[in-house]
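> Starting off with a structure, shown below.
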Amino acid sequence: MKDLSPLKRLHQALGWYGTSEVCEEIHRGYSDLVGRHLGQFFTEVRSTRPDVEAEIVAKLTGMSEESLTRLLLAPETTRLLMWPDPARDASAAAEFLIRSVHAEMAREGSAAQPVVEPLWTALGDTLILPGGQVVEGPSIEGVAALDLDSPYALGIDVQGIRFTQPEGRAPLAGREREETLAKLSAAIEGIASVSSETSAFVARFTKALVLLRDDRERVFSSGSCAQYVGRSVLGNPQFSAVDHALVAEGVVHESIHGFLYMHEMQESWVLDDSLYSMQPMVPSPWTGRRLPVRPFLQACFVWYGLFNFWSAAAETGVFGTARALERRQAALCGFLKEPLTQLTKPYAEQVNGDLLDALGDLQEHVASNHEAVF
């Protein structure tokens, strides 16, 4: 089994049974990749500002392993390291790292220097006030970091992409905030009750969970972005029509994208740059909307993971059997239509062959198991 490529083993992780070696393999490989990009960043800074490079290295060396991991795998950090903005020079990234290291060390009580201006941790879950007061945001067991208030969260759209113009938005507050956090807590507890594997997966591949009030759309949605790996965004979870089952699905859905993004950073899914286009090309058998090729490929794995999750949920009754079967059917429907490989056939020569094989395996597995529940 270990001889199979990671692409051919992704389904193991998304079946939610047993401990999947591919999860550890992909997460470790991604962490190593971030480390290499950090090294490249140091090389670039060293050539122009060796004093700044020395300062950052000294600060990183003084951090605990937990805080170092929080900082380096934070979506804001990996975006700067792996998707550098040509409009910003390395000094901007260096400033971000210096401030974030200072905030992280203050959070854990090991800062050697006084805090003279407000600082946010890179995960956006803690604010350090001048003088050193630590203001922790809300937290929920089973969620690595929850961000409702940071400028990182308030300056993005539901896909996690930075606004083109500085607009910002008001955070969830008051009763809406309390009710939303209670709903999220129930969703996370429900996920854990359905599957400890799914719960551990969510905690590992969701580095920062953002809850947004989105007055533009007025509907509930979830989203993530390949340039901010591990950032999951839930838009309008405060609406009364949004139950904890829908919140749970959003959390699991986006954690799977985080997992897939980490893999794609290590192994190309498509072999032609033209398929990085966001032009809609492939009709989704789940929603009917046309999707760009790469998002369609990811969607197949996401729906597979959701099918297996809701199948397990229907057996446990955690979210209510009828509700779980309803969401299971939503995930199942696309697999019962035409072959997924047929939908991608026009682009077959431009897509990783192992990936196409994996799509066939997903559909075959669902087709042979969809009548197993009740």
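Read-outs throughout are calculated quantities, based only on the coordinates presented, and are distinct from any laboratory measurement. Since the structure is predicted, the reported quantities are computational estimates derived from the model, not experimental observations. So basically every Cβ, Gly included, is an ideal-geometry build from the backbone, and we count neighbours across all protein chains shown.
> Assuming 0.36 nm per residue, please report the length gained on full extension of the stretch D354 to T43 beyond their Cα-Cα distance.
Between D354 and T43, full extension yields 108.4 nm more.
> Counting C-alpha atoms alone, how compact is the stretch 268-374: give Rg to one decimal and Dmax as a whole number, in angstrom.
14.8, 45
> Which lysines, if any, have their Cα less than 23 Å from the Cα of K345, not counting same-chain residues under 8 positions apart?
Once the sequence-local lysines are set aside, what remains near K345 is K8, K337.
> Something else about it: Apply the Kirkwood formula to the chain: the hydrodynamic radius equals the inverse of the mean of 1/r over all pairs of different alpha-carbon atoms; give it in Å with one decimal.
21.7 Å is the Kirkwood radius here.
> If you take the beta carbon distance between E364 and A330 as r and set R0 to 22 Å, what does 1/(1 + (r/R0)^6) give as a FRET efficiency, to the nearest 0.05?
0.65
> Relative contact order for the stretch 270-340 using alpha-carbon pairs under 8 Å, separation at least 6, rounded to a whole percent?
Relative contact order here is 26 percent.
> Using a 10 Å cut-off around each Cβ, can you sort V22, V194 from fewest to most neighbouring Cβ atoms?
Listing V22, V194 from fewest to most nearby Cβ atoms yields V22, V194.
> Would you look at the GNM of the chain, springs on alpha carbons closer than 10 Å, and say which of C333, C225, C300 moves the most?
Evaluated over the chain, the most mobile residue of the options is C333.
> Return the calculated 222 nm mean residue ellipticity for the chain, to the nearest 500 deg cm²/dmol, obtained by summing -39500 (n - 2.57) across DSSP H runs with n ≥ 4 and dividing by the residue count.
Rounded to the nearest 500, it is -17000 deg cm²/dmol.
> Something else now. List E254, E176 from most exposed to least, where exposure is judged by having the fewest other Cβ atoms within 10 Å.
By the 10 Å Cβ count, ascending: E176, E254.
> Helix by helix, which DSSP H runs in the chain go 20 Å or more along their axis at the Cα atoms and have an average Kyte-Doolittle hydropathy of -1.0 or more?
Both cut-offs are met by 21-48, 90-107, 174-194, 244-264, 293-316, 353-369.
> Which residue fluctuates the most in the chain, going by a Gaussian network model with Cα springs under 10 Å, if the choices are G160, G29, G39?
G39
> Rg/Rh for the stretch 38-174: what does it come to with C-alpha atoms and Rh from Kirkwood?
0.96
> Still on this model: Cut-off is 10 Å between beta-carbons; in what order do E136, E326 appear when sorted fewest neighbours first?
Going from sparsest to densest Cβ surroundings: E136, E326.
> Hey, another quick one. Between the alpha-carbon centers of the stretch 1-74 and the stretch 342-363, tell me the distance in whole angstrom.
29
> Further question: Please find, in a Gaussian network model of the chain (springs between Cα atoms separated by less than 10 Å), the residue of L355, L271, L212 whose mean-square fluctuation is greatest.
L271
> Once each part is reduced to its C-alpha centroid, what is the distance from the stretch 193-247 to the stretch 268-333 in angstrom?
15
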